[in-house]
1. Count charges around residue 27 for me, please; just the other residues with Cβ under 13 Å from its Cβ, Lys/Arg as +1, Asp/Glu as -1.
2. For helix 123-133, report the angle its Cα long axis makes with the longest principal axis of the Cα atoms of the chain; keep it between 0 and 90° and round to the nearest 10°.
3. Can you work out ³J(HN,Hα) from phi for every residue in region 104-119, in order, using Karplus 6.51 cos²θ - 1.76 cosθ + 1.60 and θ = phi - 60°, giving whole Hz and x for Gly and Pro?
4. When the dipole is taken about the Cα centre of the chain, and only Lys, Arg (+1) and Asp, Glu (-1) are charged at their Cβ, what size is it in debye, to the nearest 20?
5. Using DSSP to call loops (not H, G, I, E or B), can you name the trypsin sites (Lys or Arg not before Pro) in region 94-134 whose Cβ has at most 14 other Cβ atoms within 10 angstrom?
6. Just the accessible area per residue of the chain, please: how many Å² with a 1.4 Å probe?
7. Considering amide H positions built from the backbone, and no H for Pro or chain starts, which residues 5 or more places from residue 23, or on another chain, come under 5 Å of its amide H?
8. Please report, to two decimal places, log10 I(q)/I(0) for region 7-72 at q = 0.22, 0.23, 0.28 Å⁻¹ as given by the Debye formula with identical point scatterers on the Cα atoms and no solvent.
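The values are calculated or read from the model by the stated rules, or taken from the named source; none is laboratory data. Keep in mind that what you see is a predicted model, and the values were worked out from it rather than measured. Note that each Cβ is placed from the backbone with ideal geometry, even for glycine, and that neighbours are counted across all protein chains shown. Ligands, DNA and RNA are stripped out before the accessible areas are found, and what is left, the full protein with its side chains, is counted by its heavy atoms. Shrake-Rupley method; radii C 1.70, N 1.55, O 1.52, S 1.80 Å.
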Amino acid sequence: LMDGIHEDLNRVKKKPYTEVVEGGDGKPDHKVAAEAWRRHLMRNDSLIVDRCQGMLRSHLTCPVCDHESVTFDPYMSLSLPIAGAGGKRGAHASRKIEVTVVRLPPGTPPTTLWVSVPLQGNVEDLREAVAEAG
């Protein structure tokens, strides 16, 4: 549904070909993320992108040659498992999660936050905790 609304509202009528932006090898994440987002906007520019999309950092290392690849991929929804931790298991049990927030405009340094979320929480709980912390 959201993809369909995005396509109907997309301000980009002529979508240029874009290459995947790859980081690693010492390239700063904030610069790679900004370039990936810039290229994403060359093909996708709608209210849905403005309000509902983000970038997910993926870091892979080749076990044979140790080449590192860092990419930032757009997402509209993200499922995050919040696994149980040892200790208390009641209705108020929680765990701390480290979250790195990459903000716009490009060049703004990433912020690392530690937030507390319920063990049986969901993405909305995580979003609220990040909003309160930062």
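1. -3
2. The angle comes out near 90 degrees.
3. Karplus values, whole Hz, x for Gly and Pro: 9, x, x, x, 5, x, x, 10, 9, 10, 10, 10, 9, 10, x, 4.
4. Values: 17 positive and 18 negative charges, 45 e Å.
It works out to roughly 220 debye.
5. On the way: sites: 95, 96, 103, 127; in loops: 103.
Answer in residue order: 103.
6. Numbers: 9340 Å² over 134 residues.
Here the per-residue accessible area is 70 Å².
7. Correct list: 70, 71.
8. -0.93, -0.97, -1.20
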